[in-house]
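What follows is one structure encoded as structure tokens, with my remarks underneath.
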Amino acid sequence: MFADRTNWNLEANPLSEALARHRAAGKPLFDLTNSNPAECGFEYDRRAILEALANPASLAYDPEPRGLLSARQAVAAYYAAHGSEVPVDSIILTTSTSEAYSFVFRTLCNPGDEILIPEPSYPLFAFLADIQDVKLVRYPLDYDYGWQINFHALQQGVTARTRGVIVVHPNNPTGHFTKPQELEKLNEICAKRNLAIIADEVFLDFALQGDAPFSFARNTAALTFTMTGLSKISGLPQMKAAWLVASGPEQLKSQALARLEIIADTYLSMNAPVQWAIPTLLEQRHPFQKQLLERVRKNLTELDRQLATQKSCARLAVEAGWYAVLRVPATRSDEELAIELLAQKNVYIYPGHFYDFPSEGFLIVSLITREEEFAAGVKLLLSIF
């Protein structure tokens, strides 16, 4: 009765089952995975947000496939603040970056075509690809005092069915930016092989030192789709507002946008109140990001302070984002370690394999957890080694 593409393993994994039992028993919990900004104690201008959502213009229905002009102008202004000139006609609003991925996959891929994705990276890609009948091929990110793309492996992964390369900038959870020389090499490969670059920039604004180096939205050497949204930029995941930007050689860009517009027009998924509110919601990023980065830096400092008191665990370098990667003794699987931490120390943490780390010995901690809970949770975590 059901499509093969939905034949996922629907059973809860052992860590999720252990967490459910832990919560049902009413035990204390130090959650080092929480990445929902709406639950982390940040302050929002509630009046400004609610007033923006009450715009009377929302009562009219005047559908625009690419999104309301005023909303796209606000997005273009956001990129201008990053030093990138993005034409409003190159912007398409979506309800999420997941929807943006689906639009791009549908534009580029026939069933069974391939997209290259980094490893490690965000686990949602597998489901997005399955739903769109796309095959994912992984290329490794190598760590040597910082992360870099393994271009030999990436090129080995290109086949006649490859349609694009996903780059997460900065990566989740490794927190590293794509370097200018890597962008140059990506452009060379993709232009030569007629591949698109798909750039996920949801954490672009969260550089821990200085500003983000660049946005892919200004890339013109290869067909490029850049996506992000308010979920991370303004800490408003509940608003379901995101976008994608098409750039690249003019002819390819125009052909891509014409196809994307038809896909967007078919669904018209963005609602009017949120579209009218986008200029205000984007302005909310300034106080939100200040609060969040202050907490991330404090938690990172506390993490490093505690790590300095022992020799078993270490933190990998991080440039941006909300996460830190810990290298821990690989004496058992990461999932077994996470279950042990939950049972013995009341600490909930993500094992590395959730993010497709290719080997054991990695744990992922959220840096936006409330500071007291974070410090206590890290202390308990390190005490198990």
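The values are calculated or read from the model by the stated rules, or taken from the named source; none is laboratory data. Quantities reported herein were computed from a predicted structural model and do not represent experimental measurements. When we count neighbours, we look across all protein chains shown, and the Cβ atoms used for this are built from the backbone with ideal geometry, even at glycine. Note: areas computed on protein heavy atoms with side chains; ligands, DNA, RNA excluded. Shrake-Rupley method; radii C 1.70, N 1.55, O 1.52, S 1.80 Å.
For the stretch 114-262, relative contact order (Cα pairs under 8 Å, six or more residues apart, normalised by length) works out to 17 percent. Structural descriptor for the stretch 36-127: relative contact order 18 percent, calculated from alpha carbon pairs under 8 angstrom and at least 6 residues apart. Between ALA160 and ASN55, the distance separating the two model label sites (each 7 Å from Cα on the Cα→Cβ line) works out to 5.0 nm. How about the stretch 207-266: which chymotrypsin sites (Phe, Trp or Tyr not before Pro) there are in a DSSP loop, with at most 13 other Cβ atoms within 10 Å of their Cβ? Passing both the DSSP loop test and the Cβ count: no residue. Legend: calculated FRET efficiency, GLU43 to GLU188, from the Cβ-Cβ distance at R0 = 51 Å, rounded to 0.05, equals 0.65. Could you tell me which GluC sites (Glu not before Pro) in the stretch 46-108 are loop residues by DSSP with no more than 16 other beta carbons within 10 angstrom of their beta carbon? Those that pass, being in a loop and sparsely packed, are GLU85.
Compute the helix-to-body angle for 334-345: its Cα long axis versus the longest principal axis of the chain, expressed 0 to 90° and rounded to tens. Between helix and principal axis, roughly 60 degrees. When the chain is described by a simple charge dipole with +1 on each Lys and Arg Cβ and -1 on each Asp and Glu Cβ, the residue from ALA308, LEU268, SER234 located farthest towards its positive end is ALA308. Take every DSSP beta bridge whose two residues both sit in the chain; close to 55 percent of them are antiparallel. Within the listed set ASP200, ASP31, ASP142, the Gaussian network model of the chain (springs between alpha-carbon atoms below 10 Å) gives the highest mean-square fluctuation for ASP142. By DSSP, the beta bridges lying fully in the stretch 1-154 are antiparallel in about 35 percent of cases.
Under 1.5 on a/c is rounded, so check that first for the stretch 1-131, then, if it is not, pick prolate when a/b is larger than b/c and oblate when it is not; a ≥ b ≥ c are the square roots of the alpha carbon gyration tensor eigenvalues. Note, shape of the stretch 1-131 comes out oblate. Counting heavy atoms of the protein chains alone, ASP304 has an accessible area of about 60 Å² for a 1.4 Å probe. Checking every one of the GluC sites (Glu not before Pro) in the stretch 1-46 against DSSP loop status and a limit of 15 other Cβ atoms within 10 Å picks out GLU11, GLU43. Find how many whole Å separate the alpha carbon centroid of the stretch 346-382 from the alpha carbon centroid of the stretch 35-68. Between the Cα centres of the stretch 35-68 and the stretch 346-382 lies a distance of 32 Å.
So what's the gap between the Cα centers of the stretch 178-256 and the stretch 90-114, to the nearest angstrom? Taking the Cα centre of the stretch 90-114 as reference, the centre of the stretch 178-256 is 13 Å away. Here the gap between ASN34 and ILE384, fully extended at 0.36 nm per residue and compared with their Cα-Cα distance, gives a gain of 123.9 nm. Taken along the Cα-to-beta-carbon direction at a fixed 7 Å, the label points for PHE2 and ASN110 span 2.9 nm.
In the complete set of protein chains, residue-level accessible area for CYS109 is approximately 10 Å², probe 1.4 angstrom. On the basis of the beta-carbon distance and an R0 of 51 Å, LYS311 and HIS286 show a calculated FRET efficiency of 0.80.
With a Förster radius of 30 Å applied to the C-beta separation of ALA153 and ARG259, the computed FRET efficiency comes to 0.50.
Remark: for residue pairs LYS232/LYS379; LYS27/LYS379; LYS27/LYS311, the C-alpha separation exceeds 22 Å in LYS232/LYS379; LYS27/LYS311. Among ALA71, LEU204, VAL378, whose Cα projects farthest towards the positive end of the dipole of the chain, with charges put on the beta-carbon of Lys, Arg (+1) and Asp, Glu (-1)? Final value for the positive-end residue is VAL378.
Peptides 367-375, 273-281 ordered by packing proxy, namely the average of other Cβ atoms within 10 Å per residue, highest first: 273-281, 367-375. Note the angle between two axes, namely the Cα long axis of helix 69-81 and the longest principal axis of the Cα atoms of the chain, as a number of degrees from 0 to 90, rounded to the nearest 10. The answer is roughly 60 degrees.
Its Cα centre serving as origin, the stretch 202-323 has a Cβ charge dipole (Lys and Arg +1, Asp and Glu -1) of approximately 400 debye.
Taking each residue as 0.36 nm, the span from TYR145 to ALA343 lengthens on full extension beyond its C-alpha to C-alpha distance by 68.0 nm.
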